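Participant: Here it is: the structure, laid out below.
The values are calculated or read from the model by the stated rules, or taken from the named source; none is laboratory data. Bear in mind the structure is a predicted one, so any value in this text is a computation, not a measurement. Cβ placement follows ideal geometry from the backbone for every residue including glycine, while neighbour counts extend to all protein chains displayed.
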Amino acid sequence: MSRSPVAETTNKRTGQRSLIAYCLERDTLLFSVKMALVIGTLLALINHGQALLAGHLTSDRLISLLLTYFVPFTVAMYSQIRGKRQRDSIHKELASTALQQKIDMPLDEQSS
């Protein structure tokens, strides 16, 4: 009996951890913050260096400066989550394949 695409999509969604769970992992947060600090600082110096040195930091420039750090943070977070979801999906697939092979194996071969 074949499953409908909707049923398969629903099963995939319920089997995955939530996006928030991945975001709140300590290593994911630390990596994203470190990347934001390094890349954001480089971009801030490139884009706003003269204004920072001259002391011309306006509210418009402050918002832009904050976004300069926010964008690398979100990109790093997204890439970490994407990689972890792919890893978890592969582990789940391998585990289900191993279980299926164990189920399909005759009883006399399972004990040896």
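Participant: What number of residues within region 26-43 satisfy the criterion of being small (Gly, Ala, Ser) and loosely packed, with under 14 Cβ neighbours inside 10 Å?
Facilitator: 0
Participant: Additional query: Please pick out the residue among ILE39, ILE81 that is at pLDDT 90 or above and under 16 Å from the mean Cα position of the chain (by Cα).
Facilitator: None of the others qualify; the one that does is ILE81.
Participant: Another question, then. Say we look at region 44-70 and pick out the residues that are within 29 Å of ILE20 (Cβ to Cβ) and in contact (Cβ under 8 Å) with a residue 12 or more places away in the chain; which of these is surrounded by the most Cβ atoms within 10 Å (Cβ to Cβ)?
Facilitator: Restricting to residues being within 29 Å of ILE20 (Cβ to Cβ) and in contact (Cβ under 8 Å) with a residue 12 or more places away in the chain, the top hit is THR68.
Participant: Okay, moving on. Quick check: anything in region 62-77 under 20 Å from GLU25 (Cα atoms), touching a Phe, Trp or Tyr at 6+ places or on another chain (Cβ under 9 Å) and at pLDDT 90 or above?
Facilitator: Yes, there is a match, as at least one residue in region 62-77 is under 20 Å from GLU25 (Cα atoms), touching a Phe, Trp or Tyr at 6+ places or on another chain (Cβ under 9 Å) and at pLDDT 90 or above.
Participant: Considering region 52-94 alone, what residues qualify as being assigned to a helix (DSSP H, G or I) and polar (S, T, N, Q)?
Facilitator: Correct list: SER59, SER64, THR68, THR74, SER79, GLN80, GLN86, SER89.
Participant: For the structure I just gave you, tell me whether GLY49 is at pLDDT below 95 and of a type outside the set (A, V, I, L, M, F, W, C).
Facilitator: In short, yes.
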